[in-house]
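Below you'll find the structure, written out as structure tokens, and then a few comments.
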Amino acid sequence: MKALRFHPALLLILSLAIVVNVRADALRGSGDLALVVERASGTVQIVETSGNTSLCRVDGLGDLSHASAVFSRDQRYAFVFGRDGGLSKVDMLTCKLVARTLQAGNSIGGAISQNGRLVAVSNYEPGGVRVFDSATLEPVADIPATWGENQTSKVIGLVDAPGQRFVFSLWDAGETWVADMHDPAHPSITKFTGIGRNPYDGLITPDGRYYIAGLFGEDGLALIDLWNTDAGVKRILPDYGKGEEKLPVYKMPHLEGWAIAGRQAFVPAVGRHEVLVIDMDTWQLAGKIPVHGQPVFVMARPDGRQVWVNFAVPDNDTVQVIDTQTLKLVKTLQPGKGVLHMEFEPRGEQVWVSVRDLDQLQVYDTETFEKLVTLPAQKPSGIFTTARAMRTGL
Amino acid sequence: MSRWLSASVLSLLCMTAFSGETLSPQRRAQLHDLLVQDCGSCHGLTMHGGLGPALLPASLRDKPRELLIDTVMNGRPDTAMPPWAPLLSRDEAAWMIDQLRKGLTSP
């Protein structure tokens, strides 16, 4: 019987193949990851949406009430914006907090620039926007939101826009500013004044063309066409609640994510149990959909076929689903008290729901509405998939 | 008249002296959650402020208690502070104000 004999080169190739194979097992992509904010404990949980499991937890992120996150374009790092002014950079693959800066006293959200190199944070105190190098979190620029007679305004609705721009609105001043960051240390600011009373949040269309600020102090929204900034601000839906008594607003609605289906956009009505439908060709009101409570998030499934809505206290145990073809409710779910956020998986077949008071994340099938998985989480709020890294304004 | 007066004095006394005493432990736990989670969404989970002002003992010390309770119940016009009267009794609001003035601790 002939002994098995290998050529040394073959042996080398074989052993290399084994090494590569082992490393390939340890390696993983990050396109199916998501970050979950656990707002009371100052922690974030990293989960994966392929098998719907929890991977790890990162702590030491400070006060995460109203925290949100954006992602590096390689989908490895999350930038988490905390209420206490903390900006934290989390490596989602190694599950480590790699950088953190307490950049202000009180902040509300942030954005990552088109080229991925700058991270901007919108602050309440001191009112303004601060811009950081996304690699190091070193400060790059400071944009105080000054207005009137040496007043500063709280800043909300900060998004990135094509052309290395950041766009944001001033709650106290009723203004929207566009910051051109081509020269990062010296932003060039274009101001739109008199956009309306108390803009509470802003959003940008997925193509990066239209910025819209929702108004809290009056009915309506303020629209800016970023392709034609000379045209100024256009007020849309100025009287959507005319003649109706506004209800007390126990939670500010959010405009994060632009719920679009075809040529229709869906936004929460402030102080009303309604979702508003906007015709994006005419920017006129195309319908009002009565819902269970005051909407907080109105989110379109990525294909635009469904819109999911959650609600303010005392109706925050419920989620409703709207069919965007018929503009009718097709499902009412009751995940439990304290539904704070919903996030679709990248292609929309499943949706993650955070249920604060049950300390749970729930994952639903968006076709059957069946609850597929329940995972434990400590007072979860925002859920952010890394798919956002590829989308303008998120 | 005097009977009305003594009745109202008595009820005022009850309100100040016994605020929260009549609340069940479960209700207090709920109200504590409401304070942290729902008041916290605007005022910050740690009450250091947000869209709404800070609600720390130091920032509330100089404000009359009844005024603070009124603010909770009726809201503040032209601001984002809503009236909580549809969801809370005055006694409950008083208990919550007292918690804030002491500084929030776990229930």
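Here are the numbers:
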quantity: Residues satisfying the stated conditions in region A:314-343, i.e. within 14 Å of chain B (Cβ to nearest Cβ) and among the β-branched types (Val, Ile, Thr); calculated: A:339
quantity: Residue match in region A:90-98 (condition: away from chain B (no Cβ under 14 Å), closer than 25 Å to residue A:355 by Cα and assigned to a loop (DSSP other than H, G, I, E, B)); calculated: yes
quantity: Some residue of region A:59-75 being under 18 Å from residue A:124 (Cα atoms), within 14 Å of the chain's Cα centre (by Cα) and assigned to a loop (DSSP other than H, G, I, E, B); calculated: yes
quantity: Any hit, region A:156-164, residues being more than 15 Å from the chain's Cα centre (by Cα) and either within 21 Å of residue B:52 (Cβ to Cβ) or part of a strand (DSSP E or B) (or both); calculated: no
quantity: Only listed residue being within 13 Å of chain B (Cβ to nearest Cβ), under 24 Å from residue A:288 (Cα atoms) and assigned to a loop (DSSP other than H, G, I, E, B), chosen from A:250, A:200; calculated: A:250
quantity: Within region A:114-134, considering residues that are buried (at least 20 other Cβ atoms within 10 Å of the Cβ) and polar (S, T, N, Q), the one nearest to residue B:42 (Cα to Cα); calculated: A:123
quantity: Test: residue A:311 is more than 14 Å from every other protein chain (Cβ to nearest Cβ) and within 30 Å of residue A:367 (Cβ to Cβ); calculated: no
quantity: Hits in region A:33-47 - residues which are surrounded by fewer than 18 Cβ atoms within 10 Å (Cβ to Cβ) and either within 13 Å of residue A:384 (Cα to Cα) or modelled with pLDDT of 95 or more (or both); calculated: none
quantity: Matching option when the condition is away from chain B (no Cβ under 14 Å), part of a strand (DSSP E or B) and either modelled with pLDDT under 95 or surrounded by 24 or more Cβ atoms within 10 Å (Cβ to Cβ) (or both), among A:111, A:141; calculated: A:111
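The values are calculated or read from the model by the stated rules, or taken from the named source; none is laboratory data. Bear in mind the structure is a predicted one, so any value in this text is a computation, not a measurement. A quick note on method: Cβ atoms are made from the backbone with ideal geometry, for glycine too, and the neighbour counts reach across all protein chains shown.
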